[in-house]
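Everything below concerns the one structure shown next.
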């Protein structure tokens, strides 16, 4: 097909909806760096962005910004009741350090340490709040796995159709460097759905929260060991796969 | 009015290329600024697709982390981060919608369409440009059936075959509507570009 025949299909290709044979033809033109098609695709990507930006305006919750920064490993969430007390303790420790040691370098080191602890505690608190929300949900059901096994892993799964899935596990070996655990919610007869990445602690325990509605056809919750960047489908044998069918109403 | 301009929500306070360069140096403040500039428009797009505020926030988080983790492949001088961010956001949302609906996912297609290297040589600050307002206006002015196919494609990720089934129309009719609607948008952009 020539470029003129493909011009009506650039936008659909851009948003992943082009039919065959146009999709293969456009890909072929792009692979041989066809200037007409490359320019057409550039314009189509502009159009797609502009249509996307025309969605009705909505405002996310204020906590989303903190969540994103915390999940990237930056900035501490604010607004918890014990934060002022922590700030006071921080100030006190700062003054004490100055008074007793009189060395600015020591103060800075202490400040870094306490700030780091504060950041980690806040992240943990956010996760705990999410976990408690699921545990206390009116529609939450619980199932256990690994009972009676002498080796790992074992634990409990809390599934709330309206809020998400909480996994609490023990005896999970630490993932090798570059690897992490990935949880999957597997619908009956369907493809596994990604349910987030997590790591186990040094003592082999883990808590992982996947927020959002649970597929009503959910049949199993499974965990696999994957590259830490995550994958779209499991590539390794699950460490465990626990039936949740029946606990989702 | 069904669609209201969100374009004013895009706060362009400084050159995006500097922001991208700082993200590539792993400056956490740059991630915060990226969110301040594009968080609202990203959330609006995703919410329009999934129609659930909790899920939308989860997907916004995924979107920003994906961009943060892949920004090294982005051309800070020639790239246009707003359109790239929205492409990632749309793909995340449509992928969720298809998974939740038991529809076939096409992760390979998404990988092809939101690769950072593709978002080069676009107009600077295009999301706050006159083009953006024109496209918004052009969508509002489309006849109802044309506007519906545009929304089904962009915001629900339906193929033309799926649209025909959803709308109860022959496939050929739907293809004509899609082609005409997209041509209208193209023509509107062409007028602005002249």
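The values are calculated or read from the model by the stated rules, or taken from the named source; none is laboratory data. Bear in mind the structure is a predicted one, so any value in this text is a computation, not a measurement. Neighbour counts are summed over all protein chains in view; Cβ atoms, including those assigned to glycine, are modelled from backbone coordinates with ideal geometry.
Residues of region B:161-184 that are surrounded by 21 or more Cβ atoms within 10 Å (Cβ to Cβ) and at the interface with chain A (Cβ under 8 Å from one of its Cβ atoms): B:178, B:182. Scanning region B:53-68 for residues that are more than 7 Å from every other protein chain (Cβ to nearest Cβ) and surrounded by fewer than 21 Cβ atoms within 10 Å (Cβ to Cβ) turns up B:53, B:66. Is region B:123-139 home to any residue that is part of a loop (DSSP other than H, G, I, E, B), more than 10 Å from every other protein chain (Cβ to nearest Cβ), modelled with pLDDT under 85 and under 17 Å from residue A:54 (Cβ atoms)? Taking every residue of region B:123-139 in turn, at least one turns out to be part of a loop (DSSP other than H, G, I, E, B), more than 10 Å from every other protein chain (Cβ to nearest Cβ), modelled with pLDDT under 85 and under 17 Å from residue A:54 (Cβ atoms). Of all residues in region B:17-52, those satisfying the criterion of being at the interface with chain A (Cβ under 8 Å from one of its Cβ atoms), over 16 Å from the mean Cα position of the chain (by Cα) and under 16 Å from residue B:66 (Cα atoms) are B:28, B:31, B:32.
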